[in-house]
Structure formats: C-alpha cells, structure tokens
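The values are calculated or read from the model by the stated rules, or taken from the named source; none is laboratory data. Here the structure is a predicted model, which means the values were calculated and not measured. Heads up, the Cβs are rebuilt from the backbone with ideal geometry, glycines too, and the neighbour counts pull from every protein chain shown. Each accessible area value is taken on the protein alone, full model and side chains, heavy atoms only, with ligands, DNA and RNA left out. Shrake-Rupley method; radii C 1.70, N 1.55, O 1.52, S 1.80 Å.
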Amino acid sequence: MISSPLFRRFSVVAMLAAATMLTGCATAYVDTMTKEVAVADYKKPAQIKPVTVSFEFQTKGAPNSRATEFLKTQVVEQVVGSGLFKDAGGAADAGKLQVVLNNVAVDGQNPAAAGFVTGLTFGAVGSTVTDGYVCTISYLPPGQSQPVQVAARHAIHTTVGASGAPANAEKSPNMETAVRKMTRDVVSTALRDLSNAPAFN
C-alpha cells in the first residue's frame, strides 16, 4: 500500500485512498525509460567544482517542504558523490548548484476520474495513474551571471484494482522505494547531461 503521505498527488488523493480501501493495495511502478546513470559515465571536469548545493521538491511548481526534507539528504549525497562537485562549506566564492524536482501532471490524463471509476466498480475495472517528474539542475559558476542548466524527466505509475502492470515499468515494494529510485534515476541522468554540457567544462 502507499505508505508515505509526502507524495500524495493533486485532487486524486481522496479518490485513490477510497479505491485502495475498496480494492486492496495500490502498486507502484517506476518507469524504465529513464535509468540510473553510473558515475563512471559522467564526463569528469579537470577539477572538481566547489559548490553550495540547494534542493527543492515541488508539486506542480509549488514548493513541497515535507517532500524536500524527505529527499534532501539523498540528493545532496548523490551530487557530492558524482565526482563533479564538492561541498564548499558555505564559502562565499563557491559556485551554486540548484536541484529542483517537480511533480507534474501528465498530458491527457484525468487521474481523479480514473480513481473514481476504480472505486465505483470495486476493483473490477482497474486504473493506472501516472505521475510525471522533471528534474532541473542549474550550475552557476563563481563570478558568472548565466547558469548552465539541464533537465531530465521520469515517471511513477500507480495501479489500483484489477489493472495489469504498465509496460516499460519496474514494480516497487512501496511508494517510498519508488520515489527514492525515481529520484536517483532522474538526478543521475541530469548530472550526466550537465557533465556533457559544453559550458560546464
């Protein structure tokens, strides 16, 4: 079942909760179109760049403080472990690295309606709700006014009721595990793209 309240989505929350009580557990799947990129696959800079790292989780562009606190340590450790950056310890002359993970709606989907149908049919008709995520990383070198910016996308699919596993997706034991894996995948992809950006090196 969905165990963490941090990532409840839009107006679909009540519908999915009702459907889950009627039909059993919801199942989370991490989309496999975006995969975790190994640190060895990053293009390493001549020198590791000292930075002050900031992270924010957003829901439809609005800050989500609880989700930010939940994922902040994981994201900062991933950035520092990338071999691209090191923690500048608050030095005023360091670069700035901003990581934003935004939970966005997926075009053409009406998740509230999908959850409502599942609830009314007591699981005879299943439904799949997809959460989109956009990770934007901005690196501002010391003394510069124009950041180097990249973005990567990912998704988590949640099935409720008599719905089969979505294509191109990996089943997770729970939503917390799915969110942490999605975050590792999409942040690593964005870091890889940043390392390959001409303006980065």
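In a DSSP loop and with at most 14 other Cβ atoms within 10 Å, the chymotrypsin sites (Phe, Trp or Tyr not before Pro) in the stretch 121-201 are F122.
When the listed pairs K60/K181; K96/K171; K35/K60; K44/K171; K44/K181; K35/K72 are checked against a 26 Å cut-off, the alpha-carbon distance exceeds it for K96/K171; K44/K171.
Note on D107/K60: beta-carbon distance plugged into 1/(1 + (r/R0)^6) with R0 of 22 Å gives a FRET efficiency of 0.95.
Under the combined filter of DSSP loop state and at most 10 neighbouring Cβ atoms within 10 Å, the stretch 33-72 retains none of its GluC sites (Glu not before Pro).
Taking only protein heavy atoms and a 1.4 Å probe, what accessible area per residue, in Å², does the stretch 59-107 have with all protein chains in place? Walk me through the numbers on the way to the answer.
Working: 2550 Å² over 49 residues.
The answer is 52 Å² per residue.
Computed from the Cβ-Cβ distance with R0 of 30 Å, the FRET efficiency linking F200 to T177 stands at 0.45. Taking amide H atoms as placed 1.01 Å from N in the peptide plane, the amide H of V37 lies under 5 Å from those of S188, T189, each 5 or more residues away in sequence or on another chain. Extending 7 Å from the Cα toward the beta-carbon at both E36 and I48 defines two label points whose distance is 2.0 nm.
Computed 3J(HN,Hα) for the stretch 67-84, one whole-Hz value per residue from the Karplus formula 6.51 cos²θ - 1.76 cosθ + 1.60 where θ = phi - 60°, is 5, 4, 5, 5, 9, 4, 4, 4, 5, 4, 4, 5, 4, 5, x, 6, x, 9, glycine and proline marked x.
In sequence order, the stretch 185-201 has phi-based couplings of 4, 6, 5, 5, 5, 5, 5, 4, 5, 5, 5, 8, 5, x, 6, 7, 9 Hz under the Karplus curve 6.51 cos²θ - 1.76 cosθ + 1.60, θ = phi - 60°, and Gly or Pro positions carry x.
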